Amino acid sequence: GKTRWLESFSKTIIYHGGFADFITVIDITESKLAEQKLMESEEKFRKAYYQANLYRDVFAHDLNNILQNINSSAELSSLYLNNPEKLHTVKELNEITNEQVKRGQKLIDNVRKITEIDESDIQLDKINIGKPLEKAIEILKTSYQMRKISVQVNNNVKKKNVKANSLLLDVFENLLMNAVEHNENPKIEISIDITMERIGIGNFIKMEFKDNGIGISDYRKKSIFEKGIRKDQRSKGMGLGLSLVKKIIDSYNGKIWVENNVKGDSSKGSNFIVLVPIA
């Protein structure tokens, strides 16, 4: 049956020479439902307002960083352009500019996809992780042609199917690009370990993205996926990339967290661990 809300009022009165309780009962179900809907709408508005401001701040921060890098490259190119001995440097500066433009495009794409996830119901299908992972590695190497990158996948992914959708490519792409953006080594080494794991009554594909980058300090590990401006000067990447990754993984009913690549030493690279339910 349906739940009804009632409001009662009672008063002692004199009735036929004696005391009696006079009780009035009013059905307030409709007004109660309207009140609940209003509270839900207010909560959704507050959440949307908060997220909009958060996205705006992160977007402005990262875009400003990209524009500063492009401006610096343009100024140096102007200085070296008429110097034959500096032509090689001009080419390198041009590559930096192109890389920053790609970063800007990725930033805009991340904002769009986060907004889409906020505004729509996510439909999950049976997805083989092999194709999006191969595509993400291809995109990575194309985007960073000036960097020496080694990506090793330590398992056969062709038979690994998960409950996900096309956004799984964005998860892989952002995690791989994060490993490059936060890496100061001449050779960037990324290894991807893929296994199956049972947690409670659920079966998951476990993917570990390990790199030899600058790592993430222990105090930042819990907040790394939050949508906020990163104040750590060593963290120069795009603030929305990992926020998008977590939002997508959450929509899959999965989990993501980060550990040290080398146990006990946060400066020796990171290990991003992703769990996605098996299809």
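Coordinate-derived values only; no laboratory data. These numbers were taken from a predicted model, which means no experiment stands behind them. Cβ: placed from backbone, ideal geometry, glycine included. Neighbour counts: every protein chain shown.
At a glance:
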{"item": "Among beta bridges that DSSP assigns inside the chain, antiparallel share in %, nearest 5", "result": "85"}
{"item": "The chain: translational diffusion in µm²/s, Stokes-Einstein, Kirkwood Rh over Cα pairs, 25 °C, 0.890 mPa s", "result": "109"}
{"item": "Global form of the stretch 73-192, assessed from the alpha-carbon gyration tensor, a/c cut-off 1.5", "result": "oblate"}
{"item": "Relative contact order (%) - the chain, alpha-carbon pairs under 8 angstrom, separation at least six", "result": "16"}
{"item": "Phi-based couplings in Hz for the stretch 266-279 (Karplus 6.51, -1.76, 1.60; Gly and Pro marked x)", "result": "6, 8, 9, x, 10, 10, 8, 10, 10, 10, 10, x, 6, 7"}
{"item": "Dimensionless Rg ratio for the stretch 125-277, taking C-alpha atoms and the 2.2 N^0.38 Å reference", "result": "0.99"}
{"item": "FRET efficiency for Lys141 and Lys102, using Cβ-Cβ distance with R0 set to 22 Å, rounded to 0.05", "result": "0.95"}
{"item": "Rounded to 10°, Cα long-axis angle of helix 130-143 versus longest principal axis of the chain", "result": "50"}
{"item": "Gain upon complete extension [Glu42, Leu76; 0.36 nm per residue less C-alpha separation]", "result": "7.1 nm"}
{"item": "HN-Hα J in Hz across the stretch 164-180 - Karplus 6.51, -1.76, 1.60, θ = phi - 60°, x for Gly and Pro", "result": "8, 7, 5, 5, 4, 4, 5, 4, 5, 4, 5, 5, 5, 5, 4, 5, 7"}
{"item": "Cα-based Rg and Dmax for the stretch 150-224, where Dmax is the largest Cα-Cα distance (Å)", "result": "14.2, 44"}
{"item": "Cα-based reach from Lys159 at 20 Å (exclusive), listing lysines while leaving out same-chain residues under 8 positions away", "result": "Lys126, Lys131, Lys135, Lys206"}
{"item": "Lys113 paired with Lys131, simple spin-label distance in nm, labels 7 Å along Cα-to-beta-carbon", "result": "1.6"}
